[in-house]
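The values are calculated or read from the model by the stated rules, or taken from the named source; none is laboratory data. Bear in mind that the values here come from a model prediction, so they are computed numbers and not experimental data. Using ideal geometry, Cβ is built from the backbone for each residue, glycine included, and neighbour counts are taken over all protein chains shown.
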Amino acid sequence: MDKSDREPVFLRSRWGTNRYVYNPHDPIGCALIVISLLLAIGAMYGLSRSHSPDAPGPSGGEHTAVRSD
């Protein structure tokens, strides 16, 4: 495979910005897309698991409205 036949890993975005996006037609770009998705899913799962259900919640008096008569 010649260098001229290869697709670039990054392409300029077609949304009118100067950003670059992964090229899904290139094998490395496709792998980067999959890795990015797996990392994002893993981060969201890790954040959701970091909240312990056994952690003490707020006591009732801290979040009640104060009435002024």
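Looking at region 10-26, can you tell me whether even one residue there is surrounded by 12 or more Cβ atoms within 10 Å (Cβ to Cβ), in a helix (DSSP H, G or I), in contact with a strand residue (DSSP E or B) (Cβ under 7 Å, 6 or more places away or on another chain) and at pLDDT 75 or above?
We begin by selecting, within region 10-26, every residue surrounded by 12 or more Cβ atoms within 10 Å (Cβ to Cβ); these are 10-11, 20-24, 26.
Next, from what is left, pick out any that are in a helix (DSSP H, G or I): none.
No: zero hits.
Can you say whether residue 6 is over 20 Å from the mean Cα position of the chain (by Cα), surrounded by 10 or more Cβ atoms within 10 Å (Cβ to Cβ) and at pLDDT below 85, as far as the supplied structure shows?
On the way: over 20 Å from the mean Cα position of the chain (by Cα): yes; surrounded by 10 or more Cβ atoms within 10 Å (Cβ to Cβ): yes; at pLDDT below 85: yes.
Taking the combined requirement at face value, the residue satisfies it.
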